[in-house]
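Colleague: Dropping a structure here in structure tokens format, bear with me for questions.
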Amino acid sequence: MPPSEISPFLLDKYLQNQCTDSEKELVEAWYASITTSQNYLDKLTEAERRLLKQGTFERIQMKITSQESVPAKKIPWGWISGIAATIILAVGLYFQQSPSTPPEAASLETHDAAGSRALQNFTNHEPRIVMHTLPDGSTVWMHTEASISYPPQFDSDKRTVAFTGEGFFDIKKDKNRPFSIASGEMVIKVLGTSFNVQASAAKKVFQISVVTGSVEVTAPNDKLEDQLVVLKPQQQAFFEPASKRLRVSLIPISEKREIYQPITVTFRETPLNQVIAQLQKKFNTEIVLSNPEMATCLVNADFEQQSLPLIMEMLCTSLEARYTMTEKTIHLDGMPCD
């Protein structure tokens, strides 16, 4: 069954020829299901259609020629124009209000902070993890009620954001523009890496866990002097705001991974209940089917080095389902498959 809608993130991966085979099949099934109802291009004048077609074609050609080592995927022009129009609309709506997201699910607004440059603010009000993209292409998977603020465009010499809550950051490398995160009294500096931040004001301890690259963490001690630690992969830092204590430890070795750590797994005509069982063995979380009749839905997918939030997004898209998350329990809900 083709999905009724698809994320701009996945469409962008498709056009950049970065999808796995299962993701390509998903996008193509989605597009085939909407070709008879897509009326966006019908509303354009002939001149507007030519302009859209020319501009989209030029951008795709630039992408192809700049990546000669990547085989170009041949796509019928009807495909390209339809997807390009969908991406433009989807991305434009994504930051205002996603069609699949209730009005209260996410907020992104511009405001003037003390007369300075306007900032973009995003808070995830969804009862699930949501991926948010920053101006430089870096991404952060934000847990419920996590918030982030940043300028519409980063400076030429630095990239700075303010963050509270829990989120997994995947930062684009840029040697000329170090990336910094301010969370309360703590500052995290990176060049290009992926790591998890737990910095909720309600918690007594802030935590940073590094997956790839290195991270520099700075926080004041009880004498207001800077404490600095550098974290490598599989290391974590803890900061206690009350005592001003900053300490480092190794991430405990476990057979199960945290939800932000990527895995590779393949499913072929696998019933959903077996998919869930395998994911529970690999990740430190529990997945519950709210509708037991979904258990027999068959899944075909290749997940290559992907985290659990992205896997759940793909499963929900293919099964026309939704998931919610509380602590370490995920509830998956949807209709039974035909």
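The values are calculated or read from the model by the stated rules, or taken from the named source; none is laboratory data. Keep in mind that what you see is a predicted model, and the values were worked out from it rather than measured. Backbone-built Cβ (ideal geometry, glycine too); neighbour counts: all protein chains shown. For the accessible areas, the whole protein counts, side chains as well, though only heavy atoms, and no ligand, DNA or RNA atoms are used. Shrake-Rupley method; radii C 1.70, N 1.55, O 1.52, S 1.80 Å.
Colleague: Just the ratio, please: alpha-carbon radius of gyration of region 167-281 over 2.2 N^0.38 Å, N its number of residues. Please list the in-between numbers first.
Modeller: On the way: Rg = 16.9 Å, N = 115, 2.2 N^0.38 = 13.4 Å.
Normalised Cα radius of gyration, region 167-281: 1.27.
Colleague: Can I ask one more? Provide the solvent-accessible area of ARG322, counting protein heavy atoms only and rolling a 1.4 Å probe, rounded to the nearest 10 Å².
Modeller: So the heavy atoms of ARG322 present about 100 Å² to solvent.
Colleague: Ordering LYS223, LYS158, LYS175 from largest to smallest accessible area (1.4 angstrom probe), what's the sequence?
Modeller: Working: LYS223 150, LYS158 90, LYS175 185 Å².
So, going from the largest accessible area down, we get LYS175, LYS223, LYS158.
Colleague: Measuring from a point 7 Å past the Cα of ALA242 along Cα-to-C-beta, which residues in region 205-220 have an amide N at less than 16 Å?
Modeller: 205-207
Colleague: Output the pairs from LYS24/LYS172; LYS232/LYS328; LYS158/LYS256; LYS232/LYS282 with a Cα-Cα distance over 27 Å in this structure; if there are none, say none. Working shown, then result.
Modeller: On the way: LYS24/LYS172 24 Å; LYS232/LYS328 25 Å; LYS158/LYS256 36 Å; LYS232/LYS282 23 Å.
Violating the 27 Å limit, Cα to Cα: LYS158/LYS256.
Colleague: Another question, then. Testing the spin-label approximation: label points 7 Å from Cα along Cα→Cβ at ASP136 and LEU228. State their distance in nm.
Modeller: Inter-label distance under the simple model: 1.9 nm.
Colleague: With a 1.4 Å probe and all protein chains left in place, how much accessible area per residue does region 153-219 have, in Å²? Write out the running numbers ahead of the final one.
Modeller: Values: 3010 Å² over 67 residues.
So region 153-219 comes to 45 Å² accessible per residue, rounded to a whole number.
Colleague: Rounded to the nearest 0.05, what FRET efficiency do LYS173 and THR266 give with R0 = 30 Å and r taken as the Cβ-Cβ distance? Could you check? Could the numbers behind the result be given before it?
Modeller: Working: r = 29 Å, r/R0 = 0.97.
The computed FRET efficiency comes out at 0.55.
Colleague: At 10 °C and 1.306 mPa s, grab the translational diffusion coefficient of region 290-338 from Stokes-Einstein with a Kirkwood Rh over Cα pairs, rounded to a whole number in µm² per second.
Modeller: Numbers: Rh = 11.6 Å.
After rounding, the answer is 137 µm²/s.
Colleague: If you average over every viewing direction, what projected area does the convex hull of the Cα atoms of region 167-220 give, in nm²?
Modeller: Values: hull surface 14.7 nm².
Taking a quarter of the hull surface, the average projection is 3.7 nm².
Colleague: Under a no-solvent Debye model with one identical scatterer per Cα of region 210-256, what's log10 I(q)/I(0) at q = 0.14, 0.16, 0.18, 0.21 Å⁻¹?
Modeller: Those come out to -0.38, -0.47, -0.57, -0.71, one per q.
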